[in-house]
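Novice: Handing you a structure now.
The values are calculated or read from the model by the stated rules, or taken from the named source; none is laboratory data. From a predicted model like this one, the values you see are computed outputs, not experimental measurements. Neighbour counts are summed over all protein chains in view; Cβ atoms, including those assigned to glycine, are modelled from backbone coordinates with ideal geometry. For the accessible areas, the whole protein counts, side chains as well, though only heavy atoms, and no ligand, DNA or RNA atoms are used. Shrake-Rupley method; radii C 1.70, N 1.55, O 1.52, S 1.80 Å.
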Amino acid sequence: MTARRRLVKVPASSANLGPGYDVLAAALSMHLELEVEETGSFSVQADGLDVPLERTNLCVRAFEVLRPADGISFRIRSEIPLARGLGSSAAALVGGLLAADHLYELAQETEDVLVTAAELEGHPDNVAAALYGGFVLCAQDEGRIKATRLDPPQGVEAIAVIPPDQVPTEEARRAIPEKVALSDSVANISAGAELVLGIERSDLTLIGRGLADRLHQPHRAHLYPRSMEIVEEAPRMGAIGATISGAGPTVLVWTFWQSTGDVMKELSERVRDWAEVRRVPFSPIGADVPEL
């Protein structure tokens, strides 16, 4: 009998997108690939990634939510930097769940995978973007997570400024106060509405105005002051704007395609001593299980 084998490819993601804390996210064209195979013994290979090579590995933990990993070999390859705010944990969780689903032909509904992955991750935005691709808007409907997908806006591209420092999500979340001013809440609701409308219409002016945030980025600024400087200065470099990606410290710089090259050049000169600059197009495609 031929050993079963499956490959899952999952995109990176950027959450919050400015005003949409735990609500908005976008898939990015960097990927984690997880290959699982029935070999008769459990093992994890991770191509030099700094991740556990045992059952505490996030891919394995997610896989075992659906089926035991006994006798399964896991091979992980990833372009997504760890703990930089680019959805590495969400990609691993989605990859593990889909690997079990497809290896054992469980026929899980995508909505069920979303709910399970969000429970494991603790918030839905990154896992929804990783699953569906494009842009996602997450909400609770009678206690169940719902995600609405939007196509990426035409002509809008992304550049990631990736510092070497890692910021644990738990630490970033502790920096946000339990109570916020009503005026800040109103400002974020307004910006979030403009951003979603701007994405839907591919309206650069609305998108630029909609990237403002007063709920989480200001309270986390002390964790990554140089990243916040890039957020503030990006429009002067010719970008539409910039946001802290997820928990940070990565900065997602939004550009119109004609300006991307010039903005990348200026960013590379500005951060050459302390960060990596990558062109990371928004990905319309979510997690995929290609034929082998």
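Novice: Ignoring ligands, DNA and RNA, please state the percent of accessible area on the stretch 197-292 from carbon and sulfur, probe 1.4 Å. Walk me through the intermediate numbers first.
Specialist: Values: 2250 of 4650 Å².
Carbon and sulfur together cover 48 percent of it.
Novice: With a point put 7 Å past each Cα toward its Cβ, work out how far Q166 is from R226 in nm, to one decimal.
Specialist: 1.9
Novice: Let me check I've understood the local charge: for G20, count other residues with C-beta under 12 angstrom from its C-beta, Lys and Arg +1, Asp and Glu -1. What total comes out?
Specialist: For residues surrounding G20, the net value is -4.
Novice: Sort 72-82, 121-131, 13-23, 258-268 by the packing proxy (mean of other Cβ within 10 Å over each peptide's residues), most packed first.
Specialist: 121-131, 13-23, 72-82, 258-268
Novice: Based on DSSP H runs of at least 4 residues, each adding -39500 (n - 2.57), what is the mean residue ellipticity at 222 nm of the chain after dividing by all its residues, to the nearest 500 deg cm²/dmol?
Specialist: Roughly -10500 deg cm²/dmol at 222 nm, from the helical runs in the chain.
Novice: Out of the total accessible area of the stretch 105-185 (probe 1.4 Å, heavy atoms of protein only), what percent is carbon and sulfur?
Specialist: 44
Novice: Moving on. Per residue, how much accessible surface does the chain expose to a 1.4 Å probe? Answer in Å², no decimals.
Specialist: Each residue of the chain exposes 45 Å² on average to a 1.4 Å probe.
Novice: Using alpha-carbon pairs under 8 Å, 6+ residues apart, how would you state the relative contact order of the chain in percent?
Specialist: Relative contact order, the chain: 25 percent.
Novice: Ordered by packing density, taken as the mean number of other Cβ atoms within 10 Å over each peptide's residues, highest first, how do 208-214, 48-54, 161-167, 26-32 rank? If you can, show how the numbers build up before the last one.
Specialist: On the way: 208-214: 20.9, 48-54: 12.7, 161-167: 18.6, 26-32: 25.3.
The peptides rank, most packed first, as 26-32, 208-214, 161-167, 48-54.
Novice: Find the eigenvalues of the gyration tensor of the Cα atoms of the chain, then list the square roots of 5 times those eigenvalues as equivalent ellipsoid semi-axes, largest first, in whole angstrom. List each step's numbers first, then the result.
Specialist: Details: eigenvalues 213, 81, 63 Å².
The answer is 33, 20, 18 Å, longest axis first.
Novice: Roughly how many nanometres apart are two label points built 7 Å out from the Cα toward the Cβ at D70 and Y104?
Specialist: For D70 paired with Y104, the spin-label model returns 1.2 nm.
Novice: If packing is taken as the average count of other Cβ atoms within 10 Å, what order do 281-291, 170-180 fall into, highest mean first?
Specialist: Highest to lowest by the protection proxy: 281-291, 170-180.
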